[in-house]
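Since the structure comes first, as structure tokens, the remarks are kept for the end.
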Amino acid sequence: MKLPPVDYEAPETVSEAVELLAEHEDLASVLAGGQSLIPLLALRLARPAVLIDINGIDELSGVSAADGWLAIGAMTREYVAEESAIVADAVPLLAAALPLIGHEAIRSRGTVGGSLAHADPAAELPAVARALDAELVVSGPSGERVVPAAEWFEGYLTTSREPDELLTEVRFPAAGPGTGVSFQEVARRHGDFAMVGLATSVTLSDGVISDARMAFAGASDVPARATAAEELLAGERPLAELFDEAARRAIADIDPPSDLHGSAEYRKKVAAALVRRGLREAVDNARERQ
Ligand SMILES: Cc1cc2nc3c(=O)[nH]c(=O)nc-3n(C[C@H](O)[C@H](O)[C@H](O)COP(=O)(O)OP(=O)(O)OC[C@H]3O[C@@H](n4cnc5c(N)ncnc54)[C@H](O)[C@@H]3O)c2cc1C
């Protein structure tokens, strides 16, 4: 299917891109890897007047770790982050999630920033960003702004980014000693978006859970933290009965959608199984990392 007619701009710096966004605002769409935007254009579900292609902005790509944080440029390809030893070492939950995104061909073009800006509630990276309290850095006409992940995802495919702002970088806190992770999901076919996914991170101190973080993908119109389950787990020893109760609390807090792929009730059952599986795997992983 052909794309609709659209003007095309290819800035080479962040400030040029921000100037173009300020000029066109709602009429413009930023083009990153194109893996979500191009199908939307082809299907006439998005009708921007101008495409601002940010593939030529070199300063937007790269991975670095310093002072307990991992910084990833928005245009860093998903497969580059997946192959990065710096990512695997600093934020193992991100490393666990990246290979589950679609297929290799999609990850070779798709970008970390594109996934977070697109904000598909069934996507893996938004769940990781919510679980870990990532920070999203945007640049606009009045400068830079840092948005906590809790304030970034506002609804289905909707973020708190203003039309004249460009997402430039995402920062994830690095995992400390004793932190184990797991990304679990159930999809109908390999490479499909998950029906339900769960990002889990557990920190063990002297055999006790000192920090537990869980965020669902596909359970709501935004990635959803399992706060009640997290509170139950903190300060407890990791035992199967505790994980069963955490699963009950986690699914009491979600109201997943029903669609062609599965009913809300089925998704809740899957979500409970993922909590138990995710906690078991994260705890095993934490013991290995102590
Ligand atoms: C067949 C298929 C299967 C897929 N399966 C999965 C999956 O299982 N899990 C998953 O998570 N994803 C999946 N994806 C989507 C993929 O991960 C995309 O790469 C990602 O969602 C969007 O990234 P992108 O770089 O391609 O962004 P684009 O498609 O270029 O842009 C997406 C949106 O974000 C905006 N945007 C992009 N970058 C910026 C920026 N820096 N600042 C401001 N706005 C920006 C664009 O304007 C657009 O609205 C799949 C895609 C396909 C085609």
Practice task
For each of Glu151, Glu135, count neighbouring Cβ atoms within 10 Å of the residue's Cβ, then give the residues from fewest to most.
Solution key: Glu151, Glu135
Completion exercise
Asp133 and Glu231 label points (each 7 Å along its Cα→Cβ direction) are spaced in nm at 1.6
Fill in the blank from the handout: Residues whose built amide H sits under 5 Å from the amide H of Leu70, excluding neighbours closer than 5 in sequence, are Phe172, Ala174
Problem - Neighbour-count order for Phe243, Phe183, fewest beta carbons within 10 angstrom listed first - result: Phe243, Phe183
Handout entry: Degrees separating the helix 14-24 axis from the principal Cα axis of the chain, which is the longest one
Key = 70
Problem - Positive dipole terminus of segment 179-289, leading residue within Thr203, Pro223, Gly262 (C-beta point charges) - result: Gly262
Exercise for the section: Provide the descending list of Cα extents for the chain along its principal axes, expressed in whole angstroms. Expected result: 58, 45, 32
Practice task
Using all C-alpha to C-alpha distances in segment 153-260, build P(r) with 10 Å bins and read off the rounded percent in each one.
Solution key: 12, 37, 33, 16, 2
Problem - Lys, Arg +1 and Asp, Glu -1 on Cβ, resulting dipole of segment 1-87 about Cα centre, debye, nearest 20 - result: 540
Fill in the blank from the handout: FRET efficiency (Thr158, Ala187; Cβ distance; R0 30 Å; to 0.05) is 0.80
Practice task
Kindly rank 139-147, 32-40, 261-269, 213-221 from highest to lowest mean number of other beta carbons found within 10 Å of each residue.
Solution key: 213-221, 32-40, 261-269, 139-147
Exercise for the section: Output the Cα-based Rg and Dmax of segment 156-200 in Å, rounding Rg to one decimal and Dmax to a whole number. Expected result: 15.7, 41
Exercise for the section: Return the whole-Å distance between the Cα centroid of segment 136-195 and the Cα centroid of segment 37-55. Expected result: 21
Practice task
With θ set to phi - 60°, apply the Karplus curve 6.51 cos²θ - 1.76 cosθ + 1.60 along segment 47-57 and write out the HN-Hα couplings as whole Hz, x wherever there is a Gly or Pro.
Solution key: 10, x, 7, 9, 9, 9, 7, 9, 5, x, 9
Practice task
Report ³J(HN,Hα) in whole Hz for each residue of segment 257-268, in order, from the Karplus equation J = 6.51 cos²θ - 1.76 cosθ + 1.60 where θ = phi - 60°; Gly and Pro get x.
Solution key: x, 9, 8, 4, 7, x, 7, 4, 5, 5, 4, 5
Completion exercise
If amide H atoms are modeled at 1.01 Å from N in the peptide plane, then the residues at a separation of 5 or more from Thr168, or on another chain, having amide H under 5 Å from its own are Val137, Val138, Ser139
Completion exercise
Around Glu162 (Cβ within 11 Å, Cβ-to-Cβ, excluding Glu162; K/R +1, D/E -1) the net charge comes to -2
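Every read-out reported here was derived from the displayed coordinates using simple, explicitly stated rules and does not represent laboratory data. Predicted model only: the values in this text are computed from it and were never measured. We place every Cβ from the backbone using ideal geometry, glycine too, and count neighbours over all the protein chains shown.
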